[in-house]
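Beneath this line is the structure, given in C-alpha cells, with notes to follow.
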2 protein chains.
Amino acid sequence: MYRSHNNGALRLAHAGQEVTLAGWVQKVRDKGFMIWIDLRDRYGITQIIVDEERSSKALLETAKALGREFVIQVKGTVIERESKNSQIPTGEIEILASQLTILNASLTPPFTIEDTTDGGEDIRMKYRYLDIRRNPVKDNLIFRHKVTMEVRKYLSNEGFIEVETPYLIKSTPEGARDFVVPSRMNEGQFYALPQSPQTFKQLLMVGGMDKYFQIVKCFRDEDLRADRQPEFTQIDCEMAFIEQEDILEVFEGLTRHLLKEINGVVVDKFPRMDYDDAMRLYGNDKPDIRFDMKFGELNEVTQHKDFKVFNSAELVVGIAVPGGNAYSRKEIDKLIDWVRRPQVGALGMVYVRCNEDGTFKSSVDKFYNQEDLAKWAAKTNAKAGDLICVLSGEINKVRPQLSALRMELAERLGLRDPKVFAPLWVVDFPLLELDEETGHYHAMHHPFTSPKPGQLEMLDSNPAAVKANAYDLVLNGNEIGGGSIRIHDKKTQAIMLKHLGFSEKDAKAQFGFLMDAFEYGAPPHGGLAFGLDRLVAILGGQETIRDFIAFPKNNSGRDVMIDAPAAIDDEQLKELNLKLDL
Amino acid sequence: MYRSHNNGALRLAHAGQEVTLAGWVQKVRDKGFMIWIDLRDRYGITQIIVDEERSSKALLETAKALGREFVIQVKGTVIERESKNSQIPTGEIEILASQLTILNASLTPPFTIEDTTDGGEDIRMKYRYLDIRRNPVKDNLIFRHKVTMEVRKYLSNEGFIEVETPYLIKSTPEGARDFVVPSRMNEGQFYALPQSPQTFKQLLMVGGMDKYFQIVKCFRDEDLRADRQPEFTQIDCEMAFIEQEDILEVFEGLTRHLLKEINGVVVDKFPRMDYDDAMRLYGNDKPDIRFDMKFGELNEVTQHKDFKVFNSAELVVGIAVPGGNAYSRKEIDKLIDWVRRPQVGALGMVYVRCNEDGTFKSSVDKFYNQEDLAKWAAKTNAKAGDLICVLSGEINKVRPQLSALRMELAERLGLRDPKVFAPLWVVDFPLLELDEETGHYHAMHHPFTSPKPGQLEMLDSNPAAVKANAYDLVLNGNEIGGGSIRIHDKKTQAIMLKHLGFSEKDAKAQFGFLMDAFEYGAPPHGGLAFGLDRLVAILGGQETIRDFIAFPKNNSGRDVMIDAPAAIDDEQLKELNLKLDL
C-alpha cells in the first residue's frame, strides 16, 4: 500500500499522526526556505510542507525539483496549519514531510490541470487521460456512476431483472445504418452491432422474464451531428402484461427517484401532453415547459386584411416575449437576422410592441389596427411590456422556426435554469412519419410499435392520422426517454411491416424469428428506453453529453487519443475474406 | 394493468378476494365436469378452477379450448383448496374463475416447458425464448442479475467507480484475434471490438480515477472451443497506488462477499500457491483443491531400476486414488483406455494397488519390489486401499494428462461437490510463455504486466525464468479471475514490447498513446478481471456457462435463433468500401 490515507481524508483530529500519502503534484510554492506542495488525488488536496528548519537538506532539494503532475509519495506528520484554508475539507492541517519519494516524473502537461483549463477541446480529447484528472470531468464520471447505481437499485427493487443481450446480432432497421462486423468463421457473412436490444427485449417478454432492464451500449453509424456519438448508452426496459399507463407510472417513479436522490428535487406527478398539442403549443415534440411563451396561432385574426404574406401562409403563429418591449429597434433587427440564419430558416419576422399604456406598435401597422393587434395579444397571452414575435409559412417549417426562437429567447432571458427540473410526458405520437424525400412512410418510433386500438384499419385510408401507443419522457426540452406498447401478434406485425415497405420475404428474413415467437404465446408488452448520456448530462445541469462520457469520439467518429479507427493489415483482411474497394 | 397479483403471490390469507391474474397455461386437467388450469408466470404457478356447478357454460368451453402456453387473463375469487399442495407457495388456494380471456394463442411448443424438458440443445437454442420460460434457465438469469447487483454494491461501497469504456477501439493484441468494424466515415479504416478494456482502464488510472470497475462485454474472434463464446462478460477492475497484496485483499473481499450473500457460505482467508507449486502438485495452474490427490513426483524412486519407460522420462508422477484398490482389473483397464484417449493423450499408465495388508501389487512388479513401491506410496501419500496411478513423459505433456485423470477420478468419486467452495490464489506466474510452434515468447498474461522487481534484466539471459506480478483467482478448479500489477513507465514498457517482438514502429503505432500517457505522471497501478459468465456458473453450482447466458452462440459463433451472422447487401458493402473476396 502506497498510502495510509487519501488526500481528502485528514482533519485536525489527525494532528500528530504519522501518515503516508501519495498523489500528483498540483502546485509547488517555493519561498526558498520553505516549500509547500499541493498534493492531489481523486479525493482532494492535502498541503505538504518542507522547510529549512525542520527538514533535511536532501528533502528540500527533492521538493525543489518537483514539477507539476509528478507522482510522489510523502511520509510525514499531520500538523495544524498556521493559516487555515476554509475552502477545502483538509484546510486545517498540513503534512510536515519526513520523506518524499518520486514515484514517477511527468512532462509538463499540454494544458493546465485546473477546473478552468487553458486547453481547447481538441487537445483535451487527445490527452483525455489528463483531462480526466480535472475536477469537472472527474466529477461528471463519478456523477454518472451514481446515477447508474440508483437506476439499478430502483429497478431491481421494482422486480426488474438486468439481462445482457448480445452485441453480435443481425441488422435491425431502426432508422439508422448498422455498424457491421465481418465473421471469419462464417465466410461472407456479417454480424451487426445493435442499434438497440429491441427485438431481444421483446423476446425476453415472450420468454416470460416479465420485467427486464439493461444499461447497454448501442451503436448507430450515422453522419454525426454535434453531440451525437456512434456508440451511446441506453437504459433499456421492457414489461409484460402492462398497458401504457403502467409504463408511465413505473418510469415516472424511476425519474422521480433520480431527481430526489441525485438532485434533491421533489417533483409532483408529471404533466402529460398529446403530441398534437405539443406541436401546436410549442412547435416541438419535446417542449421545455420550465417557462411559458406558448404559441398563439393567429390565422383567424390575421387573414381578414390585405397582408399577402399572412394570407398565403398555412400557419401564422406568434409568441409573447416577456418584457420584450424594452428591446431597442437594433436589438429587434438582430432578432430578425437571427431567425433568418440558415440554421433557423425563417424568411422574416413580424413583431408587435405591447406598450405599457395598452397600445400596440407593430411592424405591420399598415395592415393591422389596434383592435387587430389586441386580438393577437390575447391569442399569444401577451401583456403590457411584452414583444410579440410572429412567423408565418408552412406548418412543418414555421413551427420549428418559432420553437428555435422561443428557446433562444428563453436562454437569453435566463428562463432555462439548469437547477429547475420540468419533466413532461408527451403521448399519442403518430405511428408513421412521411419521409418527404422518398414519399414513403416510415415508423416514427420503430416497426414494433402498436397502433392505437381500432386504428389499424386507417393504415390504408389515412396513414398519417394513425396514432400509436407511443410516448416520450421530456425533461427541460430534451427527450430523455421514449417507448411504446408493442405489437404482440404475428398478423398485426405483418400488416405493419407491409405498410413500411417490407416485402414478405424481407420481413421473414429480418424479423421471422420475432414473428415466429409471437405464435408461441406472446404476452402483451411494452417498454421504454432512456438515453443515459443525455439523462446524466441534464441531471448534472448541463447539455453536452460529451462531458459525461469518459472517452468520447469526435464528429468524424474518431477517437483522437488512441487514433482509431485505423488501417488493418492485409493478412487480417484476407482472413475475413474481404478486399478494400476504395 | 392486466393483473392484480402475479402467480406467486396469493395465499390463504387472500381467500375471498376478487383477483385478476395473467400468465401462461402450464397444464390443463380436464375431468369433464371440472377443469383445473395451472397458470404460470415468472413468479410461480397458481391453480385456476372452472366447474359445471359454479361456472358458466361458456367459461367451461373456453377452458376446454385452452392449449399449452396460451396466454390468458383470469378474473375470479381466491378460495381455499380442497386438496392442498405443499410443494408450491400458492398451494393452499385456487382461483374460482368468473371470467377467462385468451390474450394470445400458442402453437404447440417444440419441446415441453418443464424443468426437465424433452428438447435437445439445438432446438432449445433455436427457440431460446421458449427455453427461457423454463425454471432452470429463468432462474439462472435471475441468479446472474443478483450476482451483478451484489458485485456493483460491494465495489461501489469500496469506492470503485464504474466507468464505461468505448467498444469501437483499436486492435490490442491480447493473444486472440480482434473482431473488426469497418468505418464508413473513415475510408479503408476499421475499429476493433475490445478483447478487454485493458488499455482504457490503465488510462483511467493515469487519469486519477483511483478505483475503477466495469461489468463489460469483451470480444474474441477465436475458433470456438466448447463453452467459449465470441462475446463474454468481464468484471473488469483496476486500482492505483497499490501493490499486489492490496489487490488480493480487495478482490478476496469481493469474492467472500459473493459467497456469503449469494451462497450463504462463509470462507476463511483464501490460501495462496505459487504457480510453480500448482504445476508441480496439481499439474495445472488452476487446481481444484476441494480434494487432495496431490501429485507425487517419482523420478528419484523409479529411475534406479531397469524400467526404460521411466528411466527415459523427464517426469514420472503419480496420484493416489482413495479407495481405488477396489477397482476391478476391468475397471483399471478402462481407466488406462481413458488416459490414452486422444483428448488426454497418455501412452499408458502404470498402477499400484495398495492392499489392506500393507503390501503392494503393481503393473510393473517385474521391475520394482515392495520397498520401491512403498516409497511411491509415501510420495503420493497413498494409504492402504488406494490405487496409485502413474504417468510418465515430458513434463509439459504428462502434467496436464495426470491433471485430467485427477479431475476425472474426483468427479467419479463425488469429490467435486458443487456446494463446496474452495477458492485459491495462484501467484507468481511466469512473465513469458514459449510458443512451441513459433519458438517466440509471448506474454503469459498480457504485454502490460510488470516483471517482479529486479528481474527485468533476466529478460535477455533467461526469459522463461522471469516471474511476473501476476495472479489468478481459482475457484473449484476454474480460473474465475486474473490480473497483474502493470508496468507504469515508458522505458520498461518499451523493453517489454521489444522482447515480445514488436518493432519500435509497431509498438508506437499500437501503444503509443499508452506509452505517451506513462510520461505524464502515471501512478503505480494494477488490477484484475473476473470472467462473469464462469463466475456465475460456478456460484450457481454448474460448469456450463451457456446456461447462464440469455442468448448464447453455438460453437460456430452463430446465433441460431436470429440466424446471425448473415449476408449483407451490396449497397451496404459499397458504402463501407469493401468487396467480398471469397
Next on the checklist: Going through A:Glu243, A:Glu249 one at a time, which residue ends up being within 14 Å of chain B (Cβ to nearest Cβ), surrounded by fewer than 19 Cβ atoms within 10 Å (Cβ to Cβ) and touching a residue at least 12 places away in the same chain (Cβ under 8 Å)?
Outcome noted: A:Glu243
Checklist outcome for this item: Sole miss for B:Glu114 among (1) more than 9 Å from chain A (Cβ to nearest Cβ); (2) more than 30 Å from A:Ile487 (Cβ to Cβ); (3) not aliphatic (A, V, I, L, M) is condition (2)
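Matching residues to (1) more than 39 Å from the chain's Cα centre (by Cα); (2) at pLDDT 95 or above; (3) not assigned by TED's automatic domain parsing to the domain that holds B:Ile95:
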position: B:Asn6; (1), (2), (3): no, yes, yes
position: B:Glu18; (1), (2), (3): yes, yes, no
position: B:Val25; (1), (2), (3): no, yes, no
position: B:Arg29; (1), (2), (3): yes, yes, no
position: B:Leu39; (1), (2), (3): no, yes, no
position: B:Ile49; (1), (2), (3): yes, yes, no
Checklist outcome for this item: Over segment A:507-520, the set of residues at the interface with chain B (Cβ under 8 Å from one of its Cβ atoms), in contact with a Pro (Cβ under 9 Å, 6 or more places away or on another chain) and surrounded by fewer than 23 Cβ atoms within 10 Å (Cβ to Cβ) is none
Next on the checklist: Checking B:Val180 against (1) within 9 Å of chain A (Cβ to nearest Cβ); (2) open to solvent by 10 Å² or more (accessible area, probe 1.4 Å); (3) over 30 Å from B:Gly521 (Cβ atoms): exactly one of these is not met. Which one?
Outcome noted: (2)
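Table: residues versus (1) within 14 Å of chain B (Cβ to nearest Cβ); (2) open to solvent by 40 Å² or more (accessible area, probe 1.4 Å).
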site: A:Met239; (1), (2): yes, no
site: A:Thr255; (1), (2): no, no
site: A:Lys269; (1), (2): no, yes
site: A:Met293; (1), (2): no, no
Checklist entry - Looking at this structure, is A:Lys305 in a loop (DSSP other than H, G, I, E, B) and open to solvent by 30 Å² or more (accessible area, probe 1.4 Å)? => result yes
Item to check | Subset of segment B:521-546 (residues that are touching a His at 6+ places or on another chain (Cβ under 6 Å) and more than 14 Å from chain A (Cβ to nearest Cβ)) | outcome: none
Checklist outcome for this item: When B:Lys579 is run through (1) within 12 Å of chain A (Cβ to nearest Cβ); (2) among the basic types (Lys, Arg); (3) open to solvent by less than 10 Å² (accessible area, probe 1.4 Å), the failure sits at (3)
Checklist outcome for this item: Here the residues within segment A:183-222 that are over 22 Å from A:Lys579 (Cβ atoms), within 7 Å of chain B (Cβ to nearest Cβ) and acidic (Asp, Glu) are A:Asp210
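For the subset of segment A:108-125 comprising residues that are exposed (fewer than 13 other Cβ atoms within 10 Å of the Cβ) and among the polar types (S, T, N, Q), which member is farthest from A:Asn554 (Cα to Cα)? Give the derivation first.
Looking only at segment A:108-125, we keep the residues that are exposed (fewer than 13 other Cβ atoms within 10 Å of the Cβ), and these are A:108, A:115-116, A:118, A:120-122.
Still in the list and also among the polar types (S, T, N, Q): A:108, A:116.
Numbers: A:Thr108: 25, A:Thr116: 21 Å.
Going through the qualifying residues, I end up with A:Thr108.
Pick from B:Ser171, B:Ser156: which is in contact with a strand residue (DSSP E or B) (Cβ under 8 Å, 6 or more places away or on another chain), part of a loop (DSSP other than H, G, I, E, B), open to solvent by 20 Å² or more (accessible area, probe 1.4 Å) and within 14 Å of chain A (Cβ to nearest Cβ)? Spell out how you get there, then give the answer.
Working: B:Ser156 fails: part of a loop (DSSP other than H, G, I, E, B).
Going through B:Ser171, B:Ser156 in turn, the sole match is B:Ser171.
Please determine, by comparing only the residues of segment B:126-153 that are over 30 Å from B:Ala529 (Cβ atoms) and more than 7 Å from chain A (Cβ to nearest Cβ), which one is most open to solvent (accessible area, probe 1.4 Å).
Narrowing segment B:126-153 to residues over 30 Å from B:Ala529 (Cβ atoms): B:126-127, B:129-130, B:133-135.
From what is left, the residues that are more than 7 Å from chain A (Cβ to nearest Cβ) are B:126-127, B:134-135.
Details: B:Lys126: 99, B:Tyr127: 42, B:Arg134: 17, B:Asn135: 60 Å².
Looking at the filtered set, the residue picked out is B:Lys126.
Identify all residues within segment B:547-562 that are open to solvent by 30 Å² or more (accessible area, probe 1.4 Å) and either more than 7 Å from chain A (Cβ to nearest Cβ) or in contact with a Cys (Cβ under 6 Å, 6 or more places away or on another chain) (or both); write none if there are none.
Residues of segment B:547-562 open to solvent by 30 Å² or more (accessible area, probe 1.4 Å): B:547, B:554-556, B:558, B:560.
If the condition is that a residue be open to solvent by 30 Å² or more (accessible area, probe 1.4 Å) and either more than 7 Å from chain A (Cβ to nearest Cβ) or in contact with a Cys (Cβ under 6 Å, 6 or more places away or on another chain) (or both), then B:Asp547, B:Asn554, B:Asn555, B:Val560 are the ones that fit.
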Checklist entry - When A:Ala410 is evaluated against the numbered criteria (1) out of contact with any Lys or Arg (no Cβ under 6 Å at 6 or more places or on another chain); (2) in a helix (DSSP H, G or I), which criterion, by number, is the only one it fails? => result (1)
Checklist entry - Which of the residues belonging to segment B:337-361 are more than 21 Å from B:Asp372 (Cβ to Cβ) and touching a strand residue (DSSP E or B) at 6+ places or on another chain (Cβ under 8 Å)? => result B:Val339, B:Ala346, B:Leu347
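Please verify whether segment B:331-342 includes one or more residues that are open to solvent by 10 Å² or more (accessible area, probe 1.4 Å), touching a residue at least 24 places away in the same chain (Cβ under 8 Å) and outside any helix (DSSP H, G or I). Show your work before the answer.
Step one: of segment B:331-342, the residues open to solvent by 10 Å² or more (accessible area, probe 1.4 Å) are B:331, B:333-334, B:336-338, B:340-342.
Then keep just the ones that are touching a residue at least 24 places away in the same chain (Cβ under 8 Å); that gives B:338.
Filter once more, so that each one left must be outside any helix (DSSP H, G or I): none.
No: segment B:331-342 contains no residue that is open to solvent by 10 Å² or more (accessible area, probe 1.4 Å), touching a residue at least 24 places away in the same chain (Cβ under 8 Å) and outside any helix (DSSP H, G or I).
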Checklist entry - Restricting attention to segment A:383-396, which residues are crowded, with 16+ Cβ neighbours inside 10 Å and either under 18 Å from A:Gly477 (Cα atoms) or not hydroxyl-bearing (Ser, Thr, Tyr) (or both)? => result A:Gly385, A:Asp386, A:Leu387, A:Ile388, A:Cys389, A:Val390, A:Leu391, A:Gly393
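Among residues belonging to segment B:262-281 that are free of Cβ contacts under 8 Å to residues at least 60 places away in the same chain and of a type in the set (Asp, Glu), point out the one that is nearest to B:Ile319 (Cα to Cα).
Across segment B:262-281, the extreme among qualifying residues is B:Asp277.
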Checklist entry - Restricting to segment A:380-405, what's the tally of residues that are out of contact with any Lys or Arg (no Cβ under 9 Å at 6 or more places or on another chain) and in a helix (DSSP H, G or I)? => result 10
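May I ask you to verify whether B:Ala377 is crowded, with 19+ Cβ neighbours inside 10 Å and in a loop (DSSP other than H, G, I, E, B)? Full working, then the answer.
Values: crowded, with 19+ Cβ neighbours inside 10 Å: yes; in a loop (DSSP other than H, G, I, E, B): no.
So B:Ala377 does not fit the description; no.
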Item to check | Single residue of segment A:479-501 satisfying the filter (modelled with pLDDT under 95, under 28 Å from A:Trp425 (Cβ atoms) and within 12 Å of another protein chain (Cβ to nearest Cβ)) that is most open to solvent (accessible area, probe 1.4 Å) | outcome: A:Asp489
Next on the checklist: I'm checking my understanding of the structure. Among residues of segment A:236-267 that are part of a helix (DSSP H, G or I) and either among the charged types (D, E, K, R) or modelled with pLDDT under 95 (or both), which one is farthest from A:Phe143 (Cα to Cα)?
Outcome noted: A:Glu245
Item to check | Residue count for segment B:1-42, restricted to those that are within 15 Å of B:Ile113 (Cα to Cα) and open to solvent by 40 Å² or more (accessible area, probe 1.4 Å) | outcome: 2
Item to check | Residues (among the acidic types (Asp, Glu) and without any contact (Cβ under 8 Å) to a residue 24 or more places away in the chain) located in segment A:129-169 | outcome: A:Asp131, A:Asp139
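From A:Glu61, A:Glu80, grab the single residue that is in contact with a Leu (Cβ under 8 Å, 6 or more places away or on another chain) and exposed (fewer than 14 other Cβ atoms within 10 Å of the Cβ). Don't jump to the end; show me each part of the working.
Details: A:Glu61 fails: in contact with a Leu (Cβ under 8 Å, 6 or more places away or on another chain).
Going through A:Glu61, A:Glu80 in turn, just one is in contact with a Leu (Cβ under 8 Å, 6 or more places away or on another chain) and exposed (fewer than 14 other Cβ atoms within 10 Å of the Cβ): A:Glu80.
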Checklist entry - Do we have B:Glu504 as over 34 Å from the mean Cα position of the chain (by Cα), among the charged types (D, E, K, R) and away from chain A (no Cβ under 13 Å) here? => result yes
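The values are calculated or read from the model by the stated rules, or taken from the named source; none is laboratory data. Small disclaimer: the values here were computed from a predicted structure and weren't measured. Neighbour counts run over all protein chains shown; Cβ positions are idealised from the backbone, glycine included. What goes into the accessible areas is simple: the full protein's heavy atoms, side chains included, and nothing from ligands, DNA or RNA. Shrake-Rupley method; radii C 1.70, N 1.55, O 1.52, S 1.80 Å.
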